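The values are calculated or read from the model by the stated rules, or taken from the named source; none is laboratory data. These numbers come from a predicted model, not from an experiment. All Cβ positions, glycine included, derive from the backbone under ideal geometry; neighbour counts span all protein chains shown. The accessibility values were calculated without ligands, DNA or RNA, using every heavy atom of the protein model including side chains. Shrake-Rupley method; radii C 1.70, N 1.55, O 1.52, S 1.80 Å.
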Amino acid sequence: MTASNQDWSAHFGIQNIPFGVASSSKHNTPQTVSRYGNSIIFLAELGESFLASVQLPQDVFLESTLNKFAALGGSVQQTVRGALQAMIKADSIPQHSIEDVSMVQMHLPVSVGDFTDFSCSEYHNLNASQAVTGRRGLPPTWGFIPPGYAGRCSSIAVSGSPVRRPKGQFWADAASAMKGENRSILYGPCKKMDYEMELGVIVGRPVPYGETMTAQEAENHIFGYVILNDWSARDIQTFEMIPLGPLNSKNSGTTMSPWVISPDAVAPFRGVSKTLFRNVAPNLVQSHDKVLAVDMKITVTRPMPEKEGEVVRDNTAEVMSRCNSSVMAWSFEQLIAYQSSAGCGLRSGDLLGIGTVSEEEDGTRGCLLEDNIPSLGRARGFVQDGETVELSGYCGEGVGFGDCRAQLLPASGDNVWTPINPSK
């Protein structure tokens, strides 16, 4: 797994107290942890007095995922966070329960049974339309429902896990194909691998099959928030978008940050939205106009060159974008309410992504698809093999998400492109 070179301790002050899953040489099975600065706290080791104070059995914290803990609801998580904060202030955390962050292995925090990725930035929708079709436009349902598609859970991995470049079919010349001119098709490694800077929400208390909820009620079903990088093979995506939308182009990898940040931790950093839709269906009406405001950043690092067996360190890290999640047109509560509106039910650990976070100005776009539009971007190209993409998010003093990081590996097998000539 690739390691971050940055110290993220400032993201995890006493105001935060997130939840995650970790193991180590001392704790050899994945289990529930929290974080304060660079100290990882193994909750099952806190003793009977702590467990009694939060009225939970020890085995909840020995689970290999947070799903069971998440299902208990927000009041339980509030109690646990409050008890941890009190122990930290009193300097009463048992030393045997603490390990330095450098000594632990983080794991995927939840087992995701269903993953829906939405697209809630007007700027991203306009720019993506221009990049793919040559015309700026919004979906015909824009403003009525949040557009989304069902993602694949099997390729969701925790920060630090590599992502492999996928293979698939795509137009040899997409611009000509869109005009009906040159419809030649190639099969082989994706040539336009992209990142997408997103936030995700994890469902806590489940919603039974057949039941629905409003956006106001959805607040009680949020376990917490994570950063997502929903990797996208743009050339394959363009080929398969019509008529049913993306499939394999979005299934090669979704990277998730290891720490679930609670609603209470981010509550002080909610801001009044200028872009949120308000004239919406009754089930999507919120009780307030506030949305999650997270300062997000994308950094891409090239592989360090080797010279005479030694690594030559140079300035290879490039900040690609900075933007704030408050520009999104739909809130997480609205996404949960809309997802439940068909009566499908929601399970603890279900993941909903808010889509690429993009603003209007240059240097504020959350994916390379937008940056490579000639009239808008820097024509940087797409992610190259060996490059590491690192996303981060910060709310304010003591409350951040840490990093969401993955290195792109070459496609497996032969890296050749084969012409495909379909015949009936």
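Counted over the chain, the DSSP beta bridges are approximately 90% antiparallel.
Just flag the chymotrypsin sites (Phe, Trp or Tyr not before Pro) in the stretch 131-184 sitting in loop per DSSP whose Cβ has no more than 16 other Cβ atoms within 10 Å. Answer in residue order: W142, F144. The length gained on full extension between S287 and K274, counted as 0.36 nm times the residue separation minus their Cα-Cα distance, comes to 3.1 nm. For the modelled label position 7 Å from the Cα of L62 along Cα-to-Cβ, which residues of the stretch 27-56 have backbone nitrogen atoms closer than 11 Å? Correct set: 44-45.
Segment A10..Q105, full-extension length gain: 32.2 nm, with 0.36 nm per residue of separation and the alpha-carbon distance subtracted.
Can you pull out the trypsin sites (Lys or Arg not before Pro) in the stretch 57-150 that DSSP calls coil and that have at most 16 other Cβ atoms within 10 Å? Within the stretch 57-150, the qualifying trypsin sites (Lys or Arg not before Pro) (loop, at most 16 other Cβ atoms within 10 Å) are R135, R136.
As a fraction of the 1.4 Å probe accessible area of the chain, surface on carbon and sulfur atoms comes out at 50 percent.
Between amide H atoms placed 1.01 Å from N, distances below 5 Å from Y36 occur with I41, all of them 5 or more places distant or on a separate chain. Cross-link partners for K68 among the lysines, with Cα-Cα distance under 26 Å and sequence neighbours closer than 8 places in the same chain left out: K26.
Ordering I14, I373, V327 by the projection of their Cα atoms onto the charge dipole of the chain, which places +1 on the Cβ of Lys and Arg and -1 on the Cβ of Asp and Glu, puts I373 at the extreme positive end. Backbone geometry of the stretch 44-51 corresponds, through the Karplus equation with coefficients 6.51, -1.76 and 1.60 at θ = phi - 60°, to 3J(HN,Hα) couplings of 5, 9, 7, x, 5, 5, 5, 4 Hz, x marking Gly and Pro.
Heavy-atom accessible surface of the stretch 40-159, averaged per residue, reaches 46 Å², computed with a 1.4 Å probe.
With Cα atoms defining each centre, the stretch 359-421 and the stretch 105-140 are spaced 13 Å apart in the structure. Per residue, the Cα convex hull of the chain amounts to 165 Å³.
Each part reduced to its alpha carbon centroid, the stretch 74-104 and the stretch 13-34 end up 9 Å apart.
An ellipsoid equivalent to the stretch 18-128, defined through the eigenvalues of its Cα gyration tensor, has semi-axes of 30, 17, 15 Å when rounded to whole angstrom and sorted largest first. Counting only protein heavy atoms and a 1.4 Å probe, the stretch 313-424 has 40 square angstrom of accessible area per residue. Compared with the rule-of-thumb size 2.2 N^0.38 Å for a compact globular protein, the stretch 11-80 has a Cα radius of gyration ratio of 1.05. Within the stretch 133-200, the percentage of alpha carbon pairs spaced more than 16 angstrom apart rounds to 71%. For the stretch 34-107, GluC sites (Glu not before Pro) meeting the loop criterion (DSSP other than H, G, I, E, B) and having at most 11 other Cβ atoms within 10 Å: none. Evaluated with a Cβ-only charge set (Lys, Arg +1; Asp, Glu -1), the chain carries a dipole of roughly 860 debye about its Cα centre, given to the nearest 20. One quarter of the surface of the convex hull around the alpha-carbon atoms of the stretch 206-270 equals 7.0 nm², the direction-averaged projected area. For the stretch 335-424, the C-alpha radius of gyration divided by 2.2 N^0.38 Å, with N the number of residues, is 1.59. If you plug the beta carbon distance of L376 and T212 into 1/(1 + (r/R0)^6) with R0 = 30 Å, you get a FRET efficiency near 0.15. Relative to the longest principal axis of the Cα atoms of the chain, the long axis of helix 74-89 makes an angle of roughly 60 degrees.
With Cα atoms as the point set, the radius of gyration and Dmax of the stretch 188-335 evaluate to 19.5, 66 Å. Annotation for R302 and A86: the two label points, set 7 Å from Cα along the Cα-Cβ direction, are 5.5 nm apart.
Taking 0.36 nm per residue of separation and subtracting the current Cα-Cα distance, fully stretching the chain between T141 and T79 would add 18.2 nm.
Projected label points at E361 and I242, each 7 Å from Cα along the beta carbon direction, are separated by 3.6 nanometres.
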